[in-house]
1. Would you pick out the residues in segment 306-326 that are open to solvent by 10 Å² or more (accessible area, probe 1.4 Å), over 17 Å from Gly106 (Cα atoms) and in contact (Cβ under 8 Å) with a residue 12 or more places away in the chain?
2. Please indicate, with yes or no, whether at least one residue in segment 315-334 is hydrophobic (A, V, I, L, M, F, W, C), in a strand (DSSP E or B) and modelled with pLDDT of 60 or more.
3. Please give the number of the condition Leu138 fails out of (1) open to solvent by less than 60 Å² (accessible area, probe 1.4 Å); (2) in contact (Cβ under 8 Å) with a residue 12 or more places away in the chain; (3) farther than 24 Å from Ser62 by Cα.
4. Of all residues in segment 166-192, which are among the aliphatic types (A, V, I, L, M), open to solvent by less than 50 Å² (accessible area, probe 1.4 Å) and under 38 Å from the mean Cα position of the chain (by Cα)?
5. Filter segment 280-314 down to residues that are of a type in the set (Asp, Glu), modelled with pLDDT of 85 or more and assigned to a helix (DSSP H, G or I), then give me how many there are.
6. Scan Leu46, Leu103, Leu85 and give me the residue that is open to solvent by less than 30 Å² (accessible area, probe 1.4 Å), closer than 19 Å to Ala443 by Cα and under 18 Å from the mean Cα position of the chain (by Cα).
7. Which condition does Val126 not pass, out of (1) out of contact with any helix residue (DSSP H, G or I) (no Cβ under 6 Å at 6 or more places or on another chain); (2) crowded, with 21+ Cβ neighbours inside 10 Å; (3) part of a loop (DSSP other than H, G, I, E, B), if it passes all the others?
8. So which residues in segment 538-571 are hydroxyl-bearing (Ser, Thr, Tyr), touching a strand residue (DSSP E or B) at 6+ places or on another chain (Cβ under 7 Å) and modelled with pLDDT of 80 or more, if there are any at all?
Amino acid sequence: MLSCCNCNTFIFSFPVITINKLKHTQHRHRQTLVVASIHHDSLRVLEWDKLSDLVSSFATTSFGRHALKDQLWSQNRTYEESLKLLEETNAAVEMYNHGSCRLQFGQIDAMLVQTAIQNARRTIPVTGYEARAVLALLQSSDSLQGDLKATIKQDKDWYSRFMPLTEVIMEFVVNRSLVKVIERVTDEDGSIKDSASPELQKSRQQVQVLERKVQQLMESLIRNEKSETSILEVNNIDGRWCIRVDSGQKTSFKGLLLSSSGVGSTVEPLSAVPLNDELQRARGLVAKAEADVLLELTKKIQLDVDDIENILNSLVQLDVINARATYGLSFGGSNPHIFLPDRNSSSTAQSLTKNDNSNGPIPNNREWILHLPKAYHPLLLQSHRENSKTAKEDVATSVAALDKGQPQPVPVDFLVSNKTRVIVITGPNTGGKTICLKTVGLAAMMAKSGLYVLASESVQIPWFDSVFADIGDEQSLSQSLSTFSGHLKQISNIKLQSTRQSLVLLDEVGAGTNPLEGAALGMSILESFAQDGCLLTIATTHHGELKTLKYSNDAFENACMEFDEVNLKPTYKVLWGIPGRSNAINIAERLGLPSVVIDTARKLYGSSSAEIDEVITDMEKLKQDYHRRLTEAHYYLQQSRRLHSSLLKTRKKITEHSTSLRLKKLRDVSASAAMARSILHKNVRELGASAKKISQHNKAIKSSPVSTTNDLHTASDNNKSTLTDRNPSDVKKIEKSSKDRFAVPKVGDTVHVSALGKKMTVLKVDSSKGEVEVQAGIMKLKLKVTDIQRL
């Protein structure tokens with residue numbers, strides 16, 4: 001602060017840095033408010049609040065419902081957090097389908113448990129109701145943990161299939177002694193049991209005795225006074241039993257005096273000591289005994305208050321997860337495959353899911369960046385279900401509904417290729433364009449929030465960091481904004497806040513102003529989103545000029561809402577690749593507009609415009625037919641390639657098999673030849689040795705003829721004597737056996753090959769050459785008849 005010496009003027013100066021910092025802070029605050037407002041408006045126009053209320057209604061505890069609403073309304077979560085939420089939902093679905101572990105906590109009063117925890121921390125006596133609520137919490141958690149352990153004991157695979165819920169349930173710490181204490185002290189209705197303490201039991205018995213005595217006294221007094229009074233009133237005034245006696249014109253109040261010795265026989269005025277004092281003192285003792293019991297119980301709860309609080313938080317978490325799963329199962333939802341698109345390559349997905357049966361890996365090469373087959377608008381499906389339920393409850397309404405034919409919600413198919421960045425949907429009013437936008441937006445947020453998407457088939461959907469929507473009439477009288485200005489302001493904010501990972505939904509882009517200027521502005525807006533805007537933009541419009549963007553930019557795709565031109569009714573089905581027509585003139589004619597007006601409108605519309613629409617339609621049909629035939633040709637080409645590959649494999653197998661057979665035969669022949677050579681060599685050696693012996697024997701004979709002759713005669717005589725000594729029949733048998741053994745065998749006979757020491761079977765006999773072909777196993781040989789002996 002600076003002051004002037006000649007005047008009373010003071011000059012204040014502030015640092016420039018402080019002012020700039022303050023402005024920057026204010027700017028950031030305003031920007032944060034704008035961002036929050038954009039997100040809130042987008043959620044509001046998509047009716048996300050209604051869907052959050054619907055899903056939250058499946059929670060079984062009050063805390064679970066509030067926690068689930070907060071979780072769903074907060075869309076500021078990462079991709080990994082979304083995956084974790086889906087993993088939890090899948091585990092809850094597995095647990096529900098298994099049936100042994102039920103996540104139902106409707107018997108728990110979470111509010112009373114929380115109050116009991118707070119009172120226990122402050123050493124304030126808990127009430128009987130609060131103690132019973134804690135008991136229900138501990139019993140439910142203990143039962144759930146026991147069921148899970150029994151399931152895992154039967155099959156260990158359930159431990160991983162129930163993850164991450166398994167870890168949450170296994171961390172429960174339940175003090176069973178505290179459970180027994182609460183059961184011993186409190187009754188089911190929250191009252192304190194007589195057996196809670198000896199003092200309480202004694203005091204309550206005394207109160208019961210005194211109340212019976214008072215009852216007896218009143219009955220006695222009523223009998224005595226009945227003849228003298230016309231009115232007797234028995235009242236309990238401040239815990240004291242009093243009798244009012246009205247006798248004619250005289251009115252008096254009389255009290256009951258109860259002495260320590262028993263019931264008095266006289267009735268004294270109310271000014272005397274009331275007879276109820278002793279009863280009140282007894283009741284005071286009962287109250288004190290109950291307070292002591294509850295205080296002691298509170299101290300026991302205080303010892304485990306942290307474990308109880310952890311169990312409460314875990315059960316609320318499980319209730320939230322189970323509500324998400326139950327909602328998906330109730331409406332037949334499908335587990336969505338979420339992924340992060342990769343703009344740097346043709347690969348559009350990075351699978352980070354863990355559960356094999358529900359959130360399996362997505363192929364890296366995918367045709368679609370968004371695949372929503374037969375997806376339902378969740379609120380329309382809920383409304384239809386409620387109407388059907390109401391119709392079934394009321395017979396008359398049911399008959400009327402059947403006669404009227406309540407329409408079933410029509411599912412939409414969204415198949416967006418990985419090159420598409422902007423989709424332009426055209427079609428007539430009330431044709432379902434806005435419902436399509438909301439269905440896609442809600443599906444994206446449901447997948448991000450860990451909910452199943454209501455689709456009949458598996459859903460593949462990218463993870464969007466934000467979903468921005470400009471739907472409906474955004475006229476703002478407070479800001480002096482028209483409908484057109486309101487839309488432009490919202491689109492401008494969306495353009496500033498959207499990222500390359502955002503989903504933008506624009507309803508009737510370029511509407512609300514001059515058609516030519518609106519169409520030009522709409523084309524510019526969509527081109528800016530396609531060039532450097534968000535991941536995917538879906539816009540509805542009636543401007544025909546926006547249909548032509550597809551033919552100059554591959555990032556655009558056309559779609560329209562199907563219209564039954566015969567009955568002039570929308571079918572609410574999406575036709576891809578075909579630009580739609582508004583059919584305004586035809587609809588106006590159906591609604592009864594004068595024919596003169598209709599004819600004039602058709603003339604003003606002009607035949608050229610109609611011809612352009614027809615040309616575009618024909619082009620799209622030809623393109624679709626081309627793509628259909630191309631897909632069919634590609635299919636048959638793949639089939640041909642598979643058949644060709646199969647034939648090549650079969651031929652290779654046949655070649656390998658034939659080669660193997662030839663090699664096997666060669667090995668067998670080689671083995672047989674080797675064996676035959678071995679036999680021949682052996683026979684040659686034996687014959688050589690035999691010839692050598694004969695030669696030596698002949699030499700010996702020549703050298704000593706007399707000796708040899710004598711020896712021969714001696715041997716002959718010995719043989720003769722031997723044969724002579726034998727029986728003639730035996731001699732004949734021996735001669736016959738010798739002839740049979742050395743006779744020529746027949747085919748099929750079993751012979752003995754002395755050279756091999758084996759028995760072999762005769763296959764062929766060549767008598768002219770004196771040879772036979774024999775076989776033993778896989779070995780075949782040709783031998784001389786002299787080399788074998790018949791058996």
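The values are calculated or read from the model by the stated rules, or taken from the named source; none is laboratory data. The model shown is predicted, which means the values in this text are computed figures rather than measured ones. No Cβ is skipped: glycine too gets one built from the backbone with ideal geometry, and neighbour counts run over all protein chains shown. For the accessible areas, the whole protein counts, side chains as well, though only heavy atoms, and no ligand, DNA or RNA atoms are used. Shrake-Rupley method; radii C 1.70, N 1.55, O 1.52, S 1.80 Å.
1. Asp307, Glu309, Asn310
2. As a first pass, look at segment 315-334 and keep what is hydrophobic (A, V, I, L, M, F, W, C): 315-316, 318, 320-321, 323, 325, 329, 331.
Filter again for in a strand (DSSP E or B), leaving none.
No, there is no match, as no residue in segment 315-334 is hydrophobic (A, V, I, L, M, F, W, C), in a strand (DSSP E or B) and modelled with pLDDT of 60 or more.
3. Here Leu138 meets the rest and fails (3).
4. Quick first cut of segment 166-192, residues among the aliphatic types (A, V, I, L, M) only: 168-170, 173-174, 178-179, 181-182, 185, 192.
Okay, now just the ones that are also open to solvent by less than 50 Å² (accessible area, probe 1.4 Å), so 168-169, 174, 178-179, 181-182, 185, 192.
If the condition is that a residue be among the aliphatic types (A, V, I, L, M), open to solvent by less than 50 Å² (accessible area, probe 1.4 Å) and under 38 Å from the mean Cα position of the chain (by Cα), then Val168, Ile169, Val174, Leu178, Val179 are the ones that fit.
5. As a first pass, look at segment 280-314 and keep what is of a type in the set (Asp, Glu): 290, 292, 296, 304, 306-307, 309.
Pick out the ones that are also modelled with pLDDT of 85 or more and you get 296, 304, 306-307, 309.
Among the residues that remain, those that are also assigned to a helix (DSSP H, G or I) are: 296, 306-307, 309.
Residues that pass the stated criteria total 4.
6. Working: Leu46 fails: under 18 Å from the mean Cα position of the chain (by Cα); Leu103 fails: closer than 19 Å to Ala443 by Cα.
The unique qualifying residue is Leu85.
7. Going through (1) out of contact with any helix residue (DSSP H, G or I) (no Cβ under 6 Å at 6 or more places or on another chain); (2) crowded, with 21+ Cβ neighbours inside 10 Å; (3) part of a loop (DSSP other than H, G, I, E, B) one by one, Val126 breaks only (1).
8. Looking only at segment 538-571, we keep the residues that are hydroxyl-bearing (Ser, Thr, Tyr), and these are 540-541, 548, 551-552, 571.
Applying the additional criterion that residues be touching a strand residue (DSSP E or B) at 6+ places or on another chain (Cβ under 7 Å) yields 540-541, 571.
Thr540, Thr541 - these are the residues of segment 538-571 that are hydroxyl-bearing (Ser, Thr, Tyr), touching a strand residue (DSSP E or B) at 6+ places or on another chain (Cβ under 7 Å) and modelled with pLDDT of 80 or more.
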